[in-house]
Number of protein chains: 2
Amino acid sequence: MSKKNMDKLVIFALGGVGEIGKNMYVIQYANDIVVVDAGLKFPDEDMLGIDIVIPDIGYLLENRDKVRGIVLTHGHEDHIGGLPYVLKQLNVPVYGTRLTLGLVEAKLKEANLLGETKRIVFTPDSELKLGAIKATFFRTNHSIPDSVGVCLETPEGLVVHTGDFKFDQTPVNGQFADLYRMAEIGNRGVLALLSDSTNSEKPGYTGSEKSVGANLEVIFRESTQRVVVATFASNIHRIQQVVDACTASNRKLVVTGRSMINVVTIASELGYLDIPEGMVIEPEELNKLAADRVAILSTGSQGEPMSALTRMARSTHRKVDILPGDTVIIAATPIPGNEKFVGRTVDELFRIGANVIYGPGSVSGVHVSGHGSQEELKLMLNLIKPKYFIPIHGEYRMLRQHSNLAVSVGVDRDNIFILDNGDTVEIQGGEARKGLRVPTGNVLIDGLGVGDVGNIVLRDRKLLSQDGILVVVVTLSKQDSKIMSGPDIISRGFVYVRESEGLLDEANRIVTNTLVKLMNEKVNEWASLKTGVRDALGRFLYEQTRRRPMILPIIMEV
Amino acid sequence: MSKKNMDKLVIFALGGVGEIGKNMYVIQYANDIVVVDAGLKFPDEDMLGIDIVIPDIGYLLENRDKVRGIVLTHGHEDHIGGLPYVLKQLNVPVYGTRLTLGLVEAKLKEANLLGETKRIVFTPDSELKLGAIKATFFRTNHSIPDSVGVCLETPEGLVVHTGDFKFDQTPVNGQFADLYRMAEIGNRGVLALLSDSTNSEKPGYTGSEKSVGANLEVIFRESTQRVVVATFASNIHRIQQVVDACTASNRKLVVTGRSMINVVTIASELGYLDIPEGMVIEPEELNKLAADRVAILSTGSQGEPMSALTRMARSTHRKVDILPGDTVIIAATPIPGNEKFVGRTVDELFRIGANVIYGPGSVSGVHVSGHGSQEELKLMLNLIKPKYFIPIHGEYRMLRQHSNLAVSVGVDRDNIFILDNGDTVEIQGGEARKGLRVPTGNVLIDGLGVGDVGNIVLRDRKLLSQDGILVVVVTLSKQDSKIMSGPDIISRGFVYVRESEGLLDEANRIVTNTLVKLMNEKVNEWASLKTGVRDALGRFLYEQTRRRPMILPIIMEV
């Protein structure tokens, strides 16, 4: 490849377009690669038994000498959760703001990667040299402090990546989005903008986090018993407002749930949470205080089965009970797929007799999104004024809605690239076009296994989950074509065996007849005998039950 | 039991309280039982492989001589879908309005039950004598025509069951809710009201179906290509408005999807749909007409994988293609749990290049709920003015919200009964109290099996779905405590076998060692040998993989 061909700008996603989560974007100019974020996502409902999903970083491993580092926009799992897996294979420097790196370090410590990982803190005012690419930043608003957008200055032009953002005109921590810097970048001329599409389907503006604080305070003051608040552990603005509501209502605070304790500890140490001395008490002290003098901050806003709130709702939490008349605030919107879990938790809390405040933020008043709605996305486009636009972070429909917004503010539709993971945009001499695809995809993590569960295993799990399995064991003597013992049929997940003896006896006869018939016809290869058993038994069982269990014939030979 | 004790009114649910679907309510006075509705529900996500769920009608079977009939409020699956299963065990008369029975008859024909089932049509003006209980009716508005509330006159007093309802002040078919009759019943004095809680979490009023029609007409007129509308097959008002929009925009209509064709046929025959002669064309004629002269009415508004819309979106529909520039209207809200399916269908439609109108009715303008919101539920309470109130149709939290609404309009909180299925309310001498529980629960239907899949089978399916199964086969000679052949390990849904040979070889050694060790220790019972293998192998695999596959040891003896 000639030098001329090499010197182009290439932009693509290894994760995070056409999906929610596992965000990972690659900006390459010649021999310099900058990676933005390294997230994870939670499995789709067809990925049975899978714990988490990360991007396939094969391209980065093949080009490991060119990777200058991973720049993190903020500390959410869908942006940093893949780091332990990535760094194990690709030891490159990690750049992040102070809080982001604080959260990353806890993660790396757990994975025994802290010592060997180079970590570089930056501020929104920093400049980083990443080979031929210079990175600068601008402060944004999001549901976690210290979130930034990234401006990558390449020889080909400026590339801006917004990270996750909203425009909160009254931020809880007084850290305003840096409108001036965004406008100034826009004024310099931006070649390409990659912008957050999460809420591109939502008309209007997203509410200010501060509106939640005002409502929390009223609830805390008016409740005559305990108040429990469940929210995302990483939403430090929200946690600060819970602390403030405790101050206003003269309550002590119990923090429960592993990730909540973890984040509160880190954020307090780093100065991102301002908790009055003596406010936080241990769960053991809860019963010593009057019910209207305490509040509880908890995980479980998604109804996760093992979370602190779910355990409280089921009265299986070892230290915290919820009593009739207590108020429980679920300060979050269910992530799609979690609606039923949240609903069940609310049901159980109501059964206990709690007063539950839940539902969409517009009804409950105790939640706002961390992502900008349509008017905010347009504002970002109008500030940055990019030549090329690449909507990121979201399902295909969200990318599509975002591109319609871009057209509405004047971006040329031909200059918008809706990508799938692995699709590349190449820019050379100011002209962009779709380039060759980079191989990527989902890497499934199941227990300790990284990528060892693929389509075959998942297909089998799906089959097993629907109608179970029948194992048919038989010992044959091939010499004299006789059944020596069996067939024995063992089933799991198919029918309740004690009530299906007739069916299973008949199944047994069918296996025997099939084998005898085949052996009489001198069919002796095991594979053919197994296929014969599988077909005959499958047909019989489907006729009788309209079910298609997996059938596993095992032939032993003596 | 003395005569005095017998002569009381008993009210309970066999399905439909604390859950959505499989609605079935029982009102008993002495020796007369009236059943209201016989619905099904779709399985929860933990009911792996289950097709549908119906109520356990053991109580009715035990008291079959007392059951005077099943009165249907309307023709939705969650109110009539259980009938074929119920009638197979309990041959009692079925009462319904004309459309409701039309839909029931199609169902009974399929189940070969039409001939033996006594079906009695009633109108909102009918009076039915059901033993000592007299049934009268009042017309309501809902997302299917011919919906009624039921008033049961018992010697103990009036019991009113609303069915599903909203108050639509501008109904599409001009059939207004019978406010006078509801008020008149209320004026006579109602002992107990059972009222629909589905939308009790929603503030305000539900929009009129007519608002959808106006928006459909604009979209149909302005689209320059084909328009596809996906909605619930049973929403005949909506279908009528699609027909009207076709008339207004001079389009022919293709109907696709089995249940849509079925309902359109029945509703047209019975006069509930008014379709101009020649408007409906066969899919084969589609390509003969200009794109702006046709529309398509389809199932699949829930993103169901096998539905007509999903097949069109994936370009696997045999007869209908969606082309770039076509407009697709998803005129429904995803049922909780279906959000992801609908999202994927929208993604695929956008990928084709269609213009997709979707999302919450408040944004899309092409959907309204069939259930009344909080103000309408209060209106019903104020019309009927019951002494006792039993919220029905809904998860526990919805029942609870509905009871709060009842209190807000003056119902005594002590007179409200939030029941679980099987909980009874007994009323005698005007006084109500909780009675003994009636046994009931979910009957799971999997293929042809009714109730043969229980907790053990479901637990196995869950285990199998998470980490798969390992079958370990070994032939032993007990006489000389020797392994004659094997162990062979066959796995499904556990790991990708070709890449895990080392692991499986090691597993093999562990099984061998365990068996040899146990047999040396003179442990010879199969059960103990199996347990030994299961424990040792399970421990090893968990250490190596952090997975817990089901382990099925099979020992053959020679």
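The values are calculated or read from the model by the stated rules, or taken from the named source; none is laboratory data. Note that the structure is predicted; figures quoted are calculated from it, not measured. For neighbour counting, all protein chains shown are included, and Cβ atoms are generated from backbone atoms with ideal geometry for every residue, glycine included. Calculation scope for accessible area: heavy atoms of the full protein, side chains included, ligands and nucleic acids excluded. Shrake-Rupley method; radii C 1.70, N 1.55, O 1.52, S 1.80 Å.
Here are some notes:
- Filtering region B:159-169 to residues that are part of a loop (DSSP other than H, G, I, E, B) and either surrounded by 24 or more Cβ atoms within 10 Å (Cβ to Cβ) or in contact with an Asp or Glu (Cβ under 8 Å, 6 or more places away or on another chain) (or both) leaves B:Thr162, B:Gly163, B:Asp164, B:Phe165, B:Phe167, B:Asp168.
- Given (1) within 14 Å of chain B (Cβ to nearest Cβ); (2) at pLDDT below 95, number of the condition A:Leu323 does not satisfy: (1)
- Applying the criterion of at least 3 residues that are open to solvent by 30 Å² or more (accessible area, probe 1.4 Å) to the strands (runs of 3 or more DSSP E) found wholly in region A:57-123 leaves A:119-121.
- Looking only at region B:349-379, residues that are assigned to a loop (DSSP other than H, G, I, E, B) and within 14 Å of chain A (Cβ to nearest Cβ) come to 7 in all.
- Subset of region B:323-346 [open to solvent by 10 Å² or more (accessible area, probe 1.4 Å), part of a loop (DSSP other than H, G, I, E, B) and out of contact with any Phe, Trp or Tyr (no Cβ under 9 Å at 6 or more places or on another chain)]: B:Leu323, B:Pro324, B:Gly325, B:Thr333, B:Pro336, B:Asn338
- Test for A:Glu201: is it out of contact with any Leu (no Cβ under 6 Å at 6 or more places or on another chain), free of Cβ contacts under 8 Å to residues at least 24 places away in the same chain and farther than 29 Å from A:Val280 by Cα: no
- Only residues that are β-branched (Val, Ile, Thr) and not in a helix (DSSP H, G or I) were counted in region A:508-545, giving 1.
- Of all residues in region B:176-214 being under 25 Å from B:Val328 (Cβ atoms) and surrounded by 20 or more Cβ atoms within 10 Å (Cβ to Cβ), the one that is nearest to the other protein chains (Cβ to nearest Cβ): B:Thr206
- Subset of region B:486-542 (residues that are at pLDDT below 90, open to solvent by less than 50 Å² (accessible area, probe 1.4 Å) and over 18 Å from B:Met556 (Cα atoms)): B:Val495, B:Ser500
- Those strands (runs of 3 or more DSSP E) lying entirely in region A:436-507 with at least 2 residues among the basic types (Lys, Arg): A:482-492
- Odd one out for A:Arg139, checked against (1) under 27 Å from A:Ile57 (Cβ atoms); (2) of a type outside the set (S, T, N, Q); (3) open to solvent by 40 Å² or more (accessible area, probe 1.4 Å): (1)
- Residue pairs whose Cβ atoms lie under 7 Å apart, separated by 6 or more positions or on different chains, with the first residue in region B:479-498 and within 9 Å of another protein chain (Cβ to nearest Cβ) and the second part of a loop (DSSP other than H, G, I, E, B) and among the acidic types (Asp, Glu), are B:Val495/A:Asp452; B:Tyr496/A:Asp452.
- Residue check, B:Met556 assigned to a strand (DSSP E or B), surrounded by fewer than 16 Cβ atoms within 10 Å (Cβ to Cβ), at the interface with chain A (Cβ under 9 Å from one of its Cβ atoms) and not aromatic (Phe, Trp, Tyr): no
- For B:Arg548: the one exception among (1) within 14 Å of chain A (Cβ to nearest Cβ); (2) part of a helix (DSSP H, G or I): (2)
- Flag if B:Ala245 is assigned by TED's automatic domain parsing to the domain that holds B:Gly213, under 16 Å from B:Thr327 (Cβ atoms) and without any contact (Cβ under 8 Å) to a residue 12 or more places away in the chain: no
- Residues in region A:262-315 that are open to solvent by 70 Å² or more (accessible area, probe 1.4 Å), closer than 25 Å to A:Thr345 by Cβ and assigned to a loop (DSSP other than H, G, I, E, B): A:Glu282, A:Glu304, A:Met306, A:Arg314, A:Ser315.
- Members of region B:332-348 that are more than 8 Å from chain A (Cβ to nearest Cβ) and under 19 Å from the mean Cα position of the chain (by Cα): B:Ala332, B:Thr333, B:Pro334, B:Ile335, B:Asn338, B:Phe341, B:Val342
- Among the residues of region A:409-446, the ones that are open to solvent by 20 Å² or more (accessible area, probe 1.4 Å), in contact with a helix residue (DSSP H, G or I) (Cβ under 8 Å, 6 or more places away or on another chain) and over 21 Å from B:Leu349 (Cα atoms) come to 5 in all.
- Per the listing B:Asn513, B:Asn520, B:Asn508, B:Asn524, the residue uniquely away from every other protein chain (no Cβ under 14 Å) and within 20 Å of A:Asp452 (Cβ to Cβ) is B:Asn508.
- The residues in region A:449-476 that are facing chain B (nearest Cβ under 7 Å) and without any contact (Cβ under 8 Å) to a residue 60 or more places away in the chain can be counted, and the count is 5.
- Residue within region A:180-192 that is more than 11 Å from A:Ile384 (Cβ to Cβ) and either in the same structural domain as A:Asn141 (by TED's automatic domain parsing) or at pLDDT 95 or above (or both) present: yes
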